[in-house]
Amino acid sequence: MNMQAMLKQAQALQKDMLKAKNEIDATEFTGESSFVKVTMKGSKELTKVEINMDSLDKDDVEALEDMIVVAVNEANKKIDDMTEKKLGKYGNIPGLF
C-alpha cells in the first residue's frame, strides 16, 4: 500500500471516529436511583436533575445526596458503554479525544 492510500484510509477512519463521537455527544443518557433521575449529554455534561418529592422524606437530605451520586454514576456508565460500543472498534488511540 502506498503512502497516499494509507493517508486517505487514515483520514476516512478519523472521519468515521468523529462521526461516532458526535453521535455519542448528541445523545442524552439517563441514570436513576430511587427517587432521583439525572439526564446527561454524551459529553458527560449534567443537564437535568429530577427529584420525586412524593417519595422523599424532606428531612432525608443525606440519602438524597447519595441517590444523586448513584444516578450520575449510572448515566456516566451508560455513556462509557456507548462510547466503547461505537469507538472501541478503533482501539485506544491516545490524544484523539
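Bear in mind these aren't lab numbers, they're just calculated from the coordinates by the rules spelled out. Just so you know, these numbers come straight off a predicted model, no measurement behind them. Heads up, the Cβs are rebuilt from the backbone with ideal geometry, glycines too, and the neighbour counts pull from every protein chain shown.
Key figures for this structure:
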read-out	value
For Lys8, net neighbour charge (Lys/Arg +1, Asp/Glu -1) across residues whose Cβ lies under 14 Å away	0
Among the listed pairs Lys8/Lys85; Lys41/Lys89; Lys44/Lys86; Lys8/Lys44; Lys19/Lys41; Lys21/Lys89, those beyond 20 Å (Cα-Cα)	Lys8/Lys85; Lys41/Lys89; Lys8/Lys44
Sites Asp57 and Ser33, calculated FRET efficiency, Cβ-Cβ separation with R0 25 Å, nearest 0.05	0.95
Neighbour-count order for Val69, Val38, fewest beta carbons within 10 angstrom listed first	Val69, Val38
Helix axis angle, 61-87 relative to the chain longest principal axis, alpha carbon, degrees	20
Degrees, to the nearest 10: 3-26 long Cα axis against longest axis of the chain	10
By average C-beta atoms within 10 angstrom, highest first, the peptides 70-82, 6-18, 22-34, 41-53	70-82, 22-34, 41-53, 6-18
Environment charge at Lys41 (Cβ cut-off 14 Å; Lys +1, Arg +1, Asp -1, Glu -1)	-1
